[in-house]
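The values are calculated or read from the model by the stated rules, or taken from the named source; none is laboratory data. Worth saying up front: this structure is predicted, and the values here are computed from it rather than measured. Every residue, glycine among them, receives a Cβ derived from its backbone with ideal geometry; neighbour counts consider all protein chains shown.
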Amino acid sequence: MEIQEVVDAVNGKLVGNDEFFSIDGFTGNFTFLNDSHTGDIVIRHWINDIGIEMAFNKNIACLITQNPKDGAIEMAEKLNFPLIITDSIELANAFALSYTVEKFSPNSTNIVITGTNGKSTTSHLIYHILKTAGFNVFTNTDSESEFNTLIDPMVSKLIVDEVNTNGELDYLVIEVSEVQGWLGKLMKNHAALMCEALNPEVGVITNIAMDHIGLVNSIDDVFDEISTVPNAIGDGICVLNHDDDLVMKLDAKNPFYTSMSELDKLNSVYYNGNEIVYQSDVFLKRQDLPFTGNHFIQNILSAIGACISLGLDKENIIEGVKSYKALNRRFAKLNDQPLIYDDFAHNPDGIKATISETIKLLPENQTLYVVCSIRGSRGVEINQLNVEAIVESMDDNIELILSSSNDVVNDLNFVEPEEKKVFFDTLNENNVDFIHYDNLNECLSETYEKADKNDIILLIGAQGMDPAESLLKDII
């Protein structure tokens with residue numbers, strides 16, 4: 001490949017050398033500056049003159065950036081080092097992903113999963129089913145959702161590492177954020193761009209709901225981002241949540257439907273309250289499922305729908321679902337008496353679904369303690385929507401406890417005064433009683449001491465609740 005092909009692919013401008021810098025050209029690896037070796041291509045959102053010097057000394061093929069600053073261009077010209085400047089760094093990462101798959105995993109069958117809620121559980125379950133069936137599989141889904149943003153070359157790098165370590169891949173299961181941005185700016189059509197780069201045989205769209213406030217400001221904005229995904233999936237099969245009105249407005253060429261109620265469609269799998277059914281054939285009974293909350297069953301349906309669409313044997317699908325263990329913080333049970341559940345509910349739909357499912361488990365005349373970490377440094381809007389979801393979910397048997405988690409979060413997740421204020425004001429306006437703790441450790445200790453052995457404690461929230469499990473081990 002010539003450097004001009006890269007320039008054209010990312011709609012870029014080339015400064016410095018007009019050829020790859022390394023003597024042997026491009027190795028085929030896209031990576032980060034710190035991890036780079038001779039002949040690699042580095043993708044960075046920004047670079048300065050010091051970074052250009054580092055790239056020069058590492059003898060990499062070229063560097064792609066969206067934001068050259070502090071003399072980066074001048075240094076590239078001085079060192080005669082090839083620097084590609086693009087207005088859209090997502091084009092570079094999509095190109096890196098497409099090139100990597102074509103070069104290192106050309107024979108794999110690719111699956112993409114997007115939507116607002118349930119992506120990680122669905123992706124990880126598909127991965128587990130395929131692994132259980134004996135296939136060599138890669139997924140970018142992990143318990144902390146570190147690798148599913150696709151705003152850098154991490155997934156491209158990981159695919160190369162996986163192939164070099166374990167050999168040719170049979171399947172790629174790639175989770176794609178439905179809305180993505182950088183420094184408050186929306187990366188338009190991010191999900192579609194990444195889906196198209198993967199050329200998937202199957203795509204899953206879990207649901208369409210509000211999250212990522214600031215990047216998008218209305219449900220219509222979210223729909224606009226996801227609406228381009230079916231076209232990017234092209235002739236592949238699109239697994240759609242039939243119960244989501246907005247998902248059902250999507251124009252998919254080859255749809256396959258999932259539902260929590262009976263569907264009279266040939267290309268569908270549904271749950272009738274007791275069994276998962278496909279074409280009048282019972283796949284699994286309720287007692288066989290690894291978890292039985294409605295939103296988790298919807299994720300199971302999506303995963304089964306994807307695996308049916310891949311042509312996987314029924315027996316392999318059943319075995320994979322039965323043996324599945326959930327990701328961390330996906331309604332994970334941390335204790336028995338009192339029952340403590342931990343869930344990564346961090347947006348309105350997730351909050352309402354998780355509280356609704358948990359209260360069904362509550363014994364009569366017992367208390368559900370909802371312990372929620374306020375989302376720090378994410379803005380007033382998402383916290384306003386989250387607290388409204390809590391208000392809507394309140395019940396006579398619920399006690400609400402809030403945490404700012406100052407003792408466990410870094411500067412990037414610190415709860416700002418206005419974020420705390422919108423929580424307090426909304427709860428007070430709706431006459432909802434609550435307790436607030438600045439620190440998560442004290443919050444968990446006090447709640448645990450207060451709870452009866454037959455009560456339930458539900459932990460919800462994003463980064464501010466992530467350390468809860470380790471803290472509770474010491475508390476309990």
**Report entry** Residue list for segment 93-104, restricted to those being surrounded by fewer than 22 Cβ atoms within 10 Å (Cβ to Cβ) and touching a residue at least 24 places away in the same chain (Cβ under 8 Å)
**Finding:** Ser98, Tyr99, Val101, Lys103, Phe104
Query - Any hit, segment 335-346, residues being more than 20 Å from the chain's Cα centre (by Cα), without any contact (Cβ under 8 Å) to a residue 12 or more places away in the chain and in the same structural domain as Pro417 (by TED's automatic domain parsing) - result: yes
Query raised in the report: How many residues are under 20 Å from Val163 (Cβ atoms) and either part of a loop (DSSP other than H, G, I, E, B) or modelled with pLDDT under 95 (or both) if we restrict to segment 114-145?
Result: 7
Query raised in the report: When segment 15-33 is examined, which residues are found to be within 22 Å of Met154 (Cβ to Cβ) and either within 25 Å of the chain's Cα centre (by Cα) or at pLDDT 95 or above (or both)?
Result: Asn29, Phe30, Thr31, Phe32, Leu33
Report summary line: Gly134 meets each of (1) under 17 Å from the mean Cα position of the chain (by Cα); (2) at positive phi with one exception, condition (1)
Query raised in the report: Would you pick out the residues in segment 289-312 that are in contact with a helix residue (DSSP H, G or I) (Cβ under 9 Å, 6 or more places away or on another chain) and farther than 23 Å from Asp243 by Cα?
Result: Leu312
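Rundown of residues vs (1) in contact with a Leu (Cβ under 6 Å, 6 or more places away or on another chain); (2) under 24 Å from Ala332 (Cβ atoms); (3) buried (at least 24 other Cβ atoms within 10 Å of the Cβ); (4) not assigned by TED's automatic domain parsing to the domain that holds Phe344, yes/no style:
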residue: Phe81; (1), (2), (3), (4): no, no, no, yes
residue: Val112; (1), (2), (3), (4): yes, no, yes, yes
residue: Gly115; (1), (2), (3), (4): no, yes, yes, yes
residue: Ala133; (1), (2), (3), (4): no, no, no, yes
residue: Val137; (1), (2), (3), (4): yes, yes, no, yes
residue: Glu162; (1), (2), (3), (4): no, no, no, yes
residue: Asp170; (1), (2), (3), (4): no, no, no, yes
residue: Ser177; (1), (2), (3), (4): no, yes, no, yes
residue: Trp182; (1), (2), (3), (4): no, no, no, yes
Report task. Kindly indicate whether any position in segment 251-270 is part of a helix (DSSP H, G or I) and either touching an Asp or Glu at 6+ places or on another chain (Cβ under 7 Å) or not assigned by TED's automatic domain parsing to the domain that holds Thr358 (or both). Result -> no
Query - Residues satisfying the stated conditions in segment 74-101, i.e. farther than 23 Å from Val160 by Cβ and not aliphatic (A, V, I, L, M) - result: Glu74, Glu77, Lys78, Asn80, Phe81, Asp87, Ser88
Query raised in the report: What are the pairs, 6+ residues apart or on separate chains, where a residue within segment 182-197 that is in a loop (DSSP other than H, G, I, E, B) has its Cβ under 8 Å from a residue that is hydroxyl-bearing (Ser, Thr, Tyr) and surrounded by fewer than 20 Cβ atoms within 10 Å (Cβ to Cβ)?
Result: Met187/Ser88; Asn189/Thr228
Query raised in the report: Failed condition for Trp46, given (1) touching a residue at least 24 places away in the same chain (Cβ under 8 Å); (2) closer than 21 Å to Gly181 by Cα, with all others met?
Result: (1)
Report task. Select from segment 51-68 the residues that are under 15 Å from Phe32 (Cβ atoms) and either without any contact (Cβ under 8 Å) to a residue 12 or more places away in the chain or basic (Lys, Arg) (or both) and list them in ascending order. Result -> Lys58
Query - Enumeration of residues in segment 352-388 that are farther than 22 Å from Asp452 by Cα, modelled with pLDDT of 95 or more and among the hydrophobic types (A, V, I, L, M, F, W, C) - result: Ile374, Val387
Query raised in the report: Within the bounds of segment 434-451, is there any residue that is part of a strand (DSSP E or B), touching a helix residue (DSSP H, G or I) at 6+ places or on another chain (Cβ under 8 Å), buried (at least 17 other Cβ atoms within 10 Å of the Cβ) and assigned by TED's automatic domain parsing to the domain that holds Asp343?
Result: yes
Report task. Could you check segment 282-387 for strands (runs of 3 or more DSSP E) lying wholly inside it with 2 or more residues that are surrounded by 23 or more Cβ atoms within 10 Å (Cβ to Cβ)? Result -> 339-343, 368-373
Query raised in the report: Looking at this structure, is Thr149 at pLDDT 90 or above and either surrounded by fewer than 24 Cβ atoms within 10 Å (Cβ to Cβ) or in contact with a Gly (Cβ under 8 Å, 6 or more places away or on another chain) (or both)?
Result: no
Query raised in the report: On the given criteria, is Leu471 part of a helix (DSSP H, G or I) and modelled with pLDDT under 95?
Result: no
Query - Count of residues meeting criterion [modelled with pLDDT of 90 or more, over 24 Å from Ser259 (Cβ atoms) and surrounded by 20 or more Cβ atoms within 10 Å (Cβ to Cβ)] in segment 191-231 - result: 6
Report task. Filter segment 253-276 down to residues that are surrounded by 14 or more Cβ atoms within 10 Å (Cβ to Cβ) and of a type in the set (Ser, Thr, Tyr) and give me whichever is nearest to Pro290 (Cα to Cα). Result -> Tyr271
Requested in this report: Check whether at least one residue in segment 273-283 is under 17 Å from Glu357 (Cβ atoms) and under 27 Å from the mean Cα position of the chain (by Cα), and report yes or no.
Outcome: no
